[in-house]
Amino acid sequence: MEQNPQLPDQHTPPRPQHDDPGHEVVDREGNIKLPGFKSVDLGHESTEPLGHSAEATAVKQPVRTLILTGFGINCEEEFAAAYQLAGAEPTIVHLNQVLHGHVSIHDYDILNFPGGFSFGDDLGSGVVLANKLRYRKNAEGRTLLDDIKQFIANGKFVMGICNGFQVLVKLGLLPNLSGNVTPEVTLTHNASGRYEDRWVRLKVNPKSNSPFLKGIDSMEVPVRHGEGRLIIKGEETLAEIEARALNCLAYTDFDGSPTDVYPHNPNGADLNCAGLTDTTGQVFGLMPHPEAFLSLYNHPDWARRKRQNPGLSEEGDGLRLFRNIVEHVQSQRSATTSHQEAHQFSS
């Protein structure tokens with residue numbers, strides 16, 4: 001009689017494979033330490049446990065960004081490449097490593113939810129992962145959402161792209177008008193009724209207070225989604241989002257004017273909205289993929305554009321988002337250090 005295959009338990013943390021010599025890290029007590037994934041390094045995997053030595057912390061620390069993967073997420077490498085190009089230190093970890101306490105989000109400056117198809121979009125894009133973050137408790141009785149709320153309260157930043165944006169919306173972290181982290185809007189199937197894979201133009205809301213978008217007026221990036229249509233229920237919610245400039249990105253036509261006309265607006269979103277921030281500006285999510293346009297050569301029309309303008313920058317539009325937030329965190333850190341030094345001098 002044929003037996004059913006033994007599938008891995010998704011609720012246990014990932015373990016090193018026995019047939020991968022040198023992959024395990026064992027401490028003096030014989031406990032296995034799960035290795036971190038230092039993205040875009042040669043070989044991808046680091047055999048060093050996550051964390052930094054005292055010598056490393058004594059010198060100027062880079063901006064540290066944590067990028068979650070697992071359960072169908074598949075854009076983590078592009079996300080990490082963007083941060084490395086922007087001068088940060090990206091680390092990719094499986095979500096279970098965070099849920100089981102092997103990695104703390106509080107050791108990082110920016111928490112990132114990449115695109116992909118978490119849990120196969122089986123109950124709707126981002127729904128299962130959002131519920132896992134909201135309801136699954138650790139040994140201390142805390143959920144990851146509890147930790148994320150504390151992470152934000154500590155002045156740190158969260159970014160979600162595509163499926164990651166869907167997760168933040170389904171969690172209620174965006175737009176979070178009430179401050180209670182309950183869902184106030186949703187993302188559902190595109191008005192076209194099909195998956196959209198195309199390049200779009202975006203305009204930044206000039207009133208947005210998000211450091212991710214500082215100094216950016218417009219950009220061109222690709223979309224790759226089937227459920228990117230933002231639905232805002234209730235005129236009061238819609239009006240408050242507009243009044244507080246939380247609709248930070250809009251799909252535009254070739255003239256740069258926000259539009260609801262397909263295919264310039266690929267999904268029919270309310271307010272022609274391609275991205276949202278929360279009221280603090282610390283949480284930012286968008287449906288398009290800035291991490292997919294880090295170099296001019298990512299663009300399908302790069303050759304003609306380069307011939308017409310030989311001096312055209314070889315950086316892609318999407319990289320500016322990552323440079324912005326990395327520079328913002330660095331400036332915050334410098335300001336804090338200066339304040340502490342001034343306080344010590346005066347005392």
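The values are calculated or read from the model by the stated rules, or taken from the named source; none is laboratory data. Keep in mind the model is a prediction, meaning the values are calculated, not measured. Cβ placement follows ideal geometry from the backbone for every residue including glycine, while neighbour counts extend to all protein chains displayed.
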message: I want to confirm something. Restricting to segment 235-258 and keeping residues that are of a type in the set (S, T, N, Q) and within 24 Å of the chain's Cα centre (by Cα), which single residue is farthest from GLU220 (Cα to Cα)?
response: ASN247
statement: For segment 202-211, the count of residues that are closer than 30 Å to TRP302 by Cβ, assigned to a loop (DSSP other than H, G, I, E, B) and over 19 Å from the mean Cα position of the chain (by Cα) equals 2
message: Quick check on SER295: is it of a type in the set (S, T, N, Q), modelled with pLDDT under 95 and over 21 Å from ALA274 (Cα atoms)?
response: no
- line: Those residues of segment 214-243 which are hydrophobic (A, V, I, L, M, F, W, C) and touching a His at 6+ places or on another chain (Cβ under 9 Å) amount to VAL221, VAL223
task: Please specify each residue of segment 133-146 satisfying the condition of being in contact with a strand residue (DSSP E or B) (Cβ under 9 Å, 6 or more places away or on another chain) and either touching a residue at least 40 places away in the same chain (Cβ under 8 Å) or surrounded by 19 or more Cβ atoms within 10 Å (Cβ to Cβ) (or both).
output: LEU133
- prompt: What tally of residues in segment 248-263 results from selecting those that are in contact with a helix residue (DSSP H, G or I) (Cβ under 9 Å, 6 or more places away or on another chain), in contact (Cβ under 8 Å) with a residue 24 or more places away in the chain and in a loop (DSSP other than H, G, I, E, B)?
  reply: 1
field: So PRO300, is it modelled with pLDDT of 95 or more, closer than 19 Å to SER218 by Cβ and within 20 Å of the chain's Cα centre (by Cα)
entry: no
- request: Please enumerate the residues belonging to segment 215-236 that are among the small types (Gly, Ala, Ser), at pLDDT 95 or above and farther than 16 Å from PHE293 by Cα.
  value: GLY215, GLY226, GLY228
message: Within segment 102-127, take every residue that is over 12 Å from ILE67 (Cβ atoms) and small (Gly, Ala, Ser) and give me the one that is modelled with the lowest pLDDT.
response: GLY124
task: Scan segment 259-293 for residues that are more than 21 Å from the chain's Cα centre (by Cα), charged (D, E, K, R) and closer than 17 Å to THR237 by Cβ and jot them down.
output: ASP270
- line: Within segment 212-244, residues assigned to a loop (DSSP other than H, G, I, E, B), in contact (Cβ under 8 Å) with a residue 24 or more places away in the chain and surrounded by fewer than 16 Cβ atoms within 10 Å (Cβ to Cβ) come out as GLY215, LYS233
query: Where residues in segment 148-200 are among the acidic types (Asp, Glu) and not in a loop (DSSP other than H, G, I, E, B), which of them is surrounded by the most Cβ atoms within 10 Å (Cβ to Cβ)?
result: GLU196
query: Out of segment 67-118, which residues are in a loop (DSSP other than H, G, I, E, B), touching a Leu at 6+ places or on another chain (Cβ under 7 Å) and hydrophobic (A, V, I, L, M, F, W, C)?
result: PHE71, ALA86, VAL103
- prompt: What number goes with the only condition from (1) out of contact with any Gly (no Cβ under 8 Å at 6 or more places or on another chain); (2) crowded, with 21+ Cβ neighbours inside 10 Å; (3) closer than 28 Å to GLN61 by Cα that HIS106 does not pass?
  reply: (2)
